[in-house]
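Comments concern the structure below.
Taken together, the values in this text are just the output of simple stated rules run on the coordinates, not laboratory data. Treat the numbers as computed from the prediction; the structure is a model and nothing was measured. So basically every Cβ, Gly included, is an ideal-geometry build from the backbone, and we count neighbours across all protein chains shown.
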């Protein structure tokens, strides 16, 4: 299809992927990114499309804001079940796209990418149309105000979505930024009154060597 049509455009990426790569190496990082793509493909339904993978991120479309929200929920849920897996961050926008050779282009895609870059680990940021659909579906919506993006003339209203249990991710290893469950933590250390858990003894050793680098301020 070469024309334009309005769809929900979603970017989902792995938060802290650079830290994961530095600590665990290129091969394990590539394995995690590949596993993330496989998990995403497994939850696609008829309204959804995985356009492409981009390193540690996936670019997706869904036909409506509501189906886009359901896709986000399924991705969050399936990834939350994977232990020793990075937190996700999501950015989403709705609008027309142009399709060329199995790829998509346009302002909608560019803005969705910018919104994703503004999200923190574990955060789902969207523009107004998806936020309105989320509110109608009973999903928690927090208006975080207008945000200006470089090379865009008009500020964009952004909203933080709360999917509740679907986004619960347990603890986060302060070194490699992977999510971990207390029951599977390889090590635990206390620093300045705060308990930290680690996915591996290597991460615990790195923290012990320089706790100020990794500890909370």
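Kirkwood Rh, the stretch 135-217, all Cα pairs: how many Å?
Values: mean 1/r = 0.0637 Å⁻¹.
That comes to 15.7 Å for the stretch 135-217.
Give me 99, 38 ranked fewest to most by other Cβ atoms within 10 Å of their Cβ, as a rough exposure proxy.
Values: 99 18, 38 10.
If I rank by nearby Cβ atoms, fewest first, I get 38, 99.
Semi-axes of the equivalent ellipsoid of the stretch 1-116: what are they in whole Å, largest first, if each equals the square root of 5 times a C-alpha gyration tensor eigenvalue? Walk me through the numbers on the way to the answer.
Values: eigenvalues 128, 45, 29 Å².
After scaling each eigenvalue by five and taking roots: 25, 15, 12 Å.
Bin by bin, in steps of 10 Å, what percent of the Cα pairs in the stretch 171-214 do you find, going until the bin that has the longest distance?
Result, from short to long distances: 34, 60, 6 percent.
Any chance you could run the full-extension gain for residue 144 through residue 215? It's 0.36 nm times the residue separation minus the Cα-Cα distance, nm to one decimal. Intermediate results must be reported in sequence, preceding the final value.
Values: separation 71, 0.36 × 71 = 25.56 nm, distance 2.72 nm.
Computed gain between residue 144 and residue 215 is 22.8 nm.
Tilt of helix 26-42 relative to the longest C-alpha principal axis of the chain, in degrees (0 to 90, nearest 10)?
40 degrees
Residue 82 versus residue 136, label points 7 Å from Cα toward the beta carbon: distance in nm?
3.2 nm
Using label points projected 7 Å from each Cα along Cα→Cβ, tell me how many nm separate residue 153 and residue 184, to one decimal.
Result: 5.0 nm between the two label points.
What FRET efficiency, computed as 1/(1 + (r/R0)^6) with R0 = 30 Å and r the Cβ-Cβ distance, is obtained for residue 205 and residue 37, rounded to the nearest 0.05? Intermediate results must be reported in sequence, preceding the final value.
Values: r = 31 Å, r/R0 = 1.02.
Between residue 205 and residue 37 the formula returns 0.45.
Any idea what angle helix 65-80 forms with the longest principal axis of the chain, computed on alpha-carbon atoms, 0 to 90 degrees, nearest 10?
Its long axis makes an angle of about 20 degrees.
What is the fewest-to-most order of 63, 184, 126, 40 by other Cβ atoms lying within 10 Å of their Cβ?
On the way: 63 15, 184 11, 126 30, 40 20.
The fewest-first ordering by Cβ neighbours comes to 184, 63, 40, 126.
Report, in degrees rounded to the nearest 10, the 0 to 90 angle that the Cα long axis of helix 107-118 makes with the longest principal axis of the chain.
Relative to the chain, helix 107-118 is tipped by roughly 20 degrees.
Using every Cα-Cα pair within the chain, state what percent have a distance larger than 30 Å. Let's see the in-between values first.
Numbers: 6302 of 23436 pairs.
Here the long-distance tail beyond 30 Å is 27 percent of all Cα pairs in the chain.
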